[in-house]
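Report on the structure given below.
The values are calculated or read from the model by the stated rules, or taken from the named source; none is laboratory data. On a predicted model such as this, the values are computed, not experimentally measured, just so you know. Glycine gets a Cβ as well: all are built from the backbone with ideal geometry, and neighbour counts include every protein chain shown. Accessible surface is based on the protein model in full, side chains and every heavy atom, while ligands, DNA and RNA are left aside. Shrake-Rupley method; radii C 1.70, N 1.55, O 1.52, S 1.80 Å.
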Amino acid sequence: MTLRPFHLAFPVHDLDAARSFYGGVLGCPEGRSSDHWIDFDLFGHQIVAHLDPAARPVAGSNAVDGHDVPVPHFGVVLTMSDWEALAARVQAAGIGFGIAPHVRFQGQVGEQATMFFRDPSGNALEFKAFADDAMLFAS
């Protein structure tokens, strides 16, 4: 089976801020856009920021490996080198981490590098990487 790109549409309260964050900080190439939405290429996946001036983040969380993980959230599993480069870009941009870059489940099945941060509209993002991609769905 060939992995196909996913598509995610999500609300943002400010398209210019979304363009600066996703295009500038995360380095996502911009696709089509209008006055009400922007397509971005998030590491080969199509995400669409839709303008909703009343958009407010959902404030749920779930305990995972000693951290309160924001729910909902989205992101991409990257290579370790891409993950490290993204962590450095996010930090250099002065964006605060909700959960700082670290290794989760250290020494266990499914060990992974992970980090969480929010976009300017409060949408939670997680990016992770595995030293061994075979651990992605390991149980």
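Checking the structure you have, find out if any residue of region 121-128 is more than 20 Å from Pro5 (Cα to Cα), more than 15 Å from the chain's Cα centre (by Cα) and of a type in the set (Ser, Thr, Tyr). Looking for residues that are more than 20 Å from Pro5 (Cα to Cα), more than 15 Å from the chain's Cα centre (by Cα) and of a type in the set (Ser, Thr, Tyr), one finds none in region 121-128, hence no.
Filtered by the rule that a residue be crowded, with 16+ Cβ neighbours inside 10 Å and of a type in the set (A, V, I, L, M, F, W, C), region 41-54 gives Leu42, Phe43, Ile47, Val48, Ala49, Leu51.
Taking Gly122, is it of a type in the set (Gly, Ala, Ser), surrounded by 12 or more Cβ atoms within 10 Å (Cβ to Cβ) and over 20 Å from Ala9 (Cβ atoms)? Taking the combined requirement at face value, the residue does not satisfy it. Among the residues of region 1-19, those that are free of Cβ contacts under 8 Å to residues at least 40 places away in the same chain and open to solvent by 30 Å² or more (accessible area, probe 1.4 Å) comprise Met1, Thr2, Leu3, Arg4, Asp16, Arg19. The one condition from (1) part of a loop (DSSP other than H, G, I, E, B); (2) under 12 Å from the mean Cα position of the chain (by Cα) that Ala131 does not meet is (2).
Each row is one residue, and each column tells you yes or no for (1) closer than 24 Å to Asp16 by Cβ; (2) free of Cβ contacts under 8 Å to residues at least 40 places away in the same chain; (3) surrounded by 16 or more Cβ atoms within 10 Å (Cβ to Cβ).
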| position | (1), (2), (3) |
| --- | --- |
| Glu30 | yes, yes, no |
| Asp39 | yes, yes, yes |
| Val64 | no, no, no |
| Thr114 | no, yes, yes |
| Ala131 | no, no, no |
| Ala134 | no, yes, no |
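The criterion of at least 2 residues that are under 22 Å from Ala131 (Cα atoms) is met by the following strands (runs of 3 or more DSSP E) wholly inside region 1-119: 67-71, 97-104, 112-118. Considering region 83-112, the residues that are at pLDDT 95 or above and more than 29 Å from Ala59 (Cβ to Cβ) include one that is least open to solvent (accessible area, probe 1.4 Å), namely Ala85. Quick check on Pro72: is it loosely packed, with under 11 Cβ neighbours inside 10 Å, more than 18 Å from Ala113 (Cβ to Cβ) and in contact with a helix residue (DSSP H, G or I) (Cβ under 8 Å, 6 or more places away or on another chain)? Considered against the rule, which asks whether it is loosely packed, with under 11 Cβ neighbours inside 10 Å, more than 18 Å from Ala113 (Cβ to Cβ) and in contact with a helix residue (DSSP H, G or I) (Cβ under 8 Å, 6 or more places away or on another chain), Pro72 comes out as no. Contact annotation: residue pairs with Cβ atoms under 6 Å, 6 or more positions apart or on different chains, pairing a residue in region 82-104 that is small (Gly, Ala, Ser) with a partner that is part of a helix (DSSP H, G or I), are Ala93/Val25.
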